[in-house]
1. I want the antiparallel fraction of DSSP beta bridges within the chain, as a percent rounded to 5.
2. Would you mind calculating the relative contact order of the stretch 66-207 from Cα pairs under 8 angstrom and at least 6 residues apart, reporting the percent as a whole number?
3. Expressed as a rounded percentage, what relative contact order does the chain have, with Cα pairs under 8 Å and six or more residues apart?
4. May I ask you to derive the relative contact order of the stretch 1-64, considering only C-alpha pairs under 8 Å and at least 6 residues apart, and to give it as an integer percent?
5. Under a 10 Å cutoff between Cα atoms, tell me which one of 221, 131, 175 has the largest fluctuation in the Gaussian network model of the chain.
6. Please state the shape class of the stretch 120-224: rounded when a/c is under 1.5, otherwise prolate if a/b exceeds b/c and oblate if not, all from the C-alpha gyration tensor.
7. Reachable lysines from residue 139, Cα under 24 Å, same-chain residues fewer than 8 places away excluded?
8. Packing-wise, with mean Cβ within 10 Å as the measure, how do 85-98, 12-25 rank, highest first?
Amino acid sequence: DTLACLQAAHRTDYPDFKLLVVDNANLPSLAAALASTACHLIQNPANLGYAGGNNIGIRWALAQGSDYVLLLNADMLIEPATCQNLVSAAQNHPGTAAVGGKIHPLGEPHLLWSAGEPFPREAPCVPDTPRYDQPRELKYVVGGCMLLSRAALAAVGLLDEAFFLLHEEKEWCSRALRAGFHIWYTPQAVAWHNLHSSFTSHRDPAYHYLYVRNNLLFLQRQGSLRPGWGGLSQAIQF
């Protein structure tokens with residue numbers, strides 16, 4: 001998955017970019033496997049989760065002077081024009097913190113897994129219809145393919161590592177919105193998601209635990225978690 005992701009990223013038509021792989025698994029063989037891919041590699045001594053691993057990468061990118069950082073999960077393949085379309089959307093809408101695009105299940109162009117925001121867990125994929133062909137503002141975009149602006153990162157900080165995995169992009173976007181930034185969806189930016197490799201598709205006990213726990217944590221961060229069963233019901237239905 002990682003090699004396929006990098007091969008697709010190398011085909012971008014964006015004129016000035018750097019590729020970084022953050023390895024949370026600390027795989028000894030990964031450095032050799034990536035030797036010919038012209039990317040930088042950071043191997044963490046422990047699994048820091050989605051939030052912690054991406055924060056390592058974000059800090060590195062900002063230190064390189066990057067104006068934008070594209071967070072890209074290893075099971076995602078981007079189209080050559082995706083980076084340019086994401087950046088163009090950010091530049092065309094001043095004050096944008098994050099931009100997302102269309103994400104199709106791999107090999108299924110007639111379906112969408114995400115149109116900026118993901119779809120409900122009960123129906124994670126929907127037909128790609130003209131209603132998803134219009135740019136619009138959102139509350140958040142899914143973190144598997146998410147462009148962040150340097151200005152927003154400087155203003156609101158990095159991902160909250162207490163979440164570890166799931167909902168951390170939603171919490172970051174909520175901070176950005178409260179700080180006066182905007183979140184955008186652009187249908188011209190397209191990625192493909194290998195659902196068979198996705199943690200969110202397996203729905204094992206760890207997924208359900210983190211989904212509910214992090215919903216509660218998100219509501220707590222928003223100051224909207226009420227004591228008693230009412231708050232728990234609100235979290236599960238979010």
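1. Details: 18 of 30 bridges.
In the chain, approximately 60 percent of DSSP beta bridges are antiparallel ones.
2. On the way: 279 pairs, mean separation 54.3, N = 142.
After rounding, I find 38 percent.
3. Values: 415 pairs, mean separation 52.8, N = 238.
Averaging sequence separation for qualifying contacts and normalising by length gives 22 percent for the chain.
4. On the way: 52 pairs, mean separation 21.9, N = 64.
Once divided by the residue count of the stretch 1-64, the mean separation gives 34 percent.
5. Highest fluctuation among the options: 131.
6. Details: a/c = 1.77, a/b = 1.03, b/c = 1.71.
It is oblate, given that a/c is not under 1.5 and a/b is not larger than b/c.
7. List returned: 102, 170.
8. Numbers: 85-98: 19.3, 12-25: 14.6.
Going from most to least packed, we get 85-98, 12-25.
Laboratory data are not the source of any read-out in this text; all were calculated from the coordinates shown. Keep in mind the model is a prediction, meaning the values are calculated, not measured. Virtual Cβ from ideal backbone geometry, glycine too; neighbours counted across all protein chains shown.
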